[in-house]
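Input: a single structure, listed below in structure tokens.
The values are calculated or read from the model by the stated rules, or taken from the named source; none is laboratory data. Not measured: the values here are computed from a predicted model. Methodologically, a virtual Cβ is constructed for each residue, glycine included, from the backbone with ideal geometry; neighbour enumeration extends over all protein chains shown. Accessible surface areas use protein heavy atoms only, side chains included; no ligands, DNA or RNA. Shrake-Rupley method; radii C 1.70, N 1.55, O 1.52, S 1.80 Å.
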Amino acid sequence: QLSNNSLLARPEIKLLLCCGTTHISEAKAEQIRSLIQTDLDWPFLLETAGRHGLIPLLYRHLGKPGTDAVPPSVVERLRNHFYLNARHNALLTEELNRLVSVFDEQGVAVIPFKGPALAEELYGDIGCREIYDLDVLVKREDVLRAMDLMASLGYTAQSKFTKSQMTAYLAAHNEISFVNEERKVIVELQWEIAPRYFGFPVAHLRLWERDVVKSRSGFLFPRPEALLLMLCVHGAKDLWGQLKWICDVAQ
């Protein structure tokens, strides 16, 4: 969507790209200050940032002192979105804690590798990244037990299989979606990083043997080298449809 040269030349896109990180150099900060002094198409900027999941980062840099040239109505929209997102992510974090606690109690190893865990580890603030659902990785041999635990937590599988169908599905696919209607939470239970046709089984990373660390919240979490590969595979699988996935890699 952003490959067109004329589109990349737009000041709104330049500003969005400048703001797509938590690490701002003085040169980058000066470029941001210069860009917001131009005649920007603010509705276009907000729409594009929303489509690419970057409104939280946009607010982080445009809602601070020294950015008085940003229209107050724009700052208000960014602020409202940021705090609504932060509140939503806090609820997802609470639910992730509940899920991991139950899995741990039942002896099922689980690695949260996107969602709140990723936001906290890479951005240092769960409010700085938009999160749609929870992604957790389990061992292939634990999938059926994990599905039972999801049911005990009030989740319903989005796909129903017979026993033979489930065996075939586990061999060919990498995830199954669960939804908790009461809590309005979706969980992607995964046993591989990508579908089989990607040729990138989780065994390549040796996550269960060595390529994990403890996150700030105490979860198992991929080591940076493993996480980088996982994020690149995820982005490729979904055709890099959102800039926030590239920002994750950069972080």
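Among the residues of the stretch 196-226, what is the count of those that are in a helix (DSSP H, G or I) and in contact with an Asp or Glu (Cβ under 8 Å, 6 or more places away or on another chain)? So that I can check it myself, show each step before the final result.
Narrowing the stretch 196-226 to residues in a helix (DSSP H, G or I): 196-198, 202-204, 224-226.
Those still in the list that are in contact with an Asp or Glu (Cβ under 8 Å, 6 or more places away or on another chain) too: 202, 225-226.
Here the count works out to 3.
Looking only at the stretch 40-68, residues that are at pLDDT below 95 and either of a type in the set (Val, Ile, Thr) or over 26 Å from Leu118 (Cα atoms) (or both) come to 4 in all. Restricting attention to the stretch 173-199, which residues are open to solvent by 40 Å² or more (accessible area, probe 1.4 Å) and within 16 Å of Ile111 (Cβ to Cβ)? Scanning the stretch 173-199 gives a single hit, Glu175.
Filtered by the rule that a residue be assigned to a helix (DSSP H, G or I) and open to solvent by 80 Å² or more (accessible area, probe 1.4 Å), the stretch 57-79 gives Arg60, Pro72, Glu76, Arg77, Arg79.
Yes or no, residue by residue, for (1) aliphatic (A, V, I, L, M); (2) within 30 Å of Leu153 (Cα to Cα); (3) over 14 Å from the mean Cα position of the chain (by Cα):
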{"position": "Val179", "(1), (2), (3)": "yes, yes, yes"}
{"position": "Glu182", "(1), (2), (3)": "no, yes, yes"}
{"position": "Val185", "(1), (2), (3)": "yes, yes, yes"}
{"position": "Glu192", "(1), (2), (3)": "no, yes, yes"}
{"position": "Cys232", "(1), (2), (3)": "no, no, no"}
{"position": "Gly235", "(1), (2), (3)": "no, yes, no"}
{"position": "Val249", "(1), (2), (3)": "yes, no, no"}
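Scanning the stretch 82-96 turns up at least one residue that is among the acidic types (Asp, Glu) and surrounded by 14 or more Cβ atoms within 10 Å (Cβ to Cβ). Every test in (1) surrounded by 14 or more Cβ atoms within 10 Å (Cβ to Cβ); (2) touching a residue at least 60 places away in the same chain (Cβ under 8 Å); (3) under 22 Å from Asn97 (Cα atoms) is passed by Asp211 save one, and that test is (2).
Whenever a residue of the stretch 234-251 is under 14 Å from Ile131 (Cα atoms) and in contact (Cβ under 8 Å) with a residue 60 or more places away in the chain, it has no partner that is open to solvent by less than 50 Å² (accessible area, probe 1.4 Å) and among the hydroxyl-bearing types (Ser, Thr, Tyr) lying with C-beta atoms less than 6 angstrom away and at least six residues away or across chains. Checked against (1) within 23 Å of the chain's Cα centre (by Cα); (2) buried (at least 17 other Cβ atoms within 10 Å of the Cβ), Asp142 passes all but condition (1). Among (1) hydrophobic (A, V, I, L, M, F, W, C); (2) in a helix (DSSP H, G or I); (3) exposed (fewer than 14 other Cβ atoms within 10 Å of the Cβ), there is one condition Cys247 misses while meeting the rest; what is its number? Cys247 satisfies every listed condition except (3).
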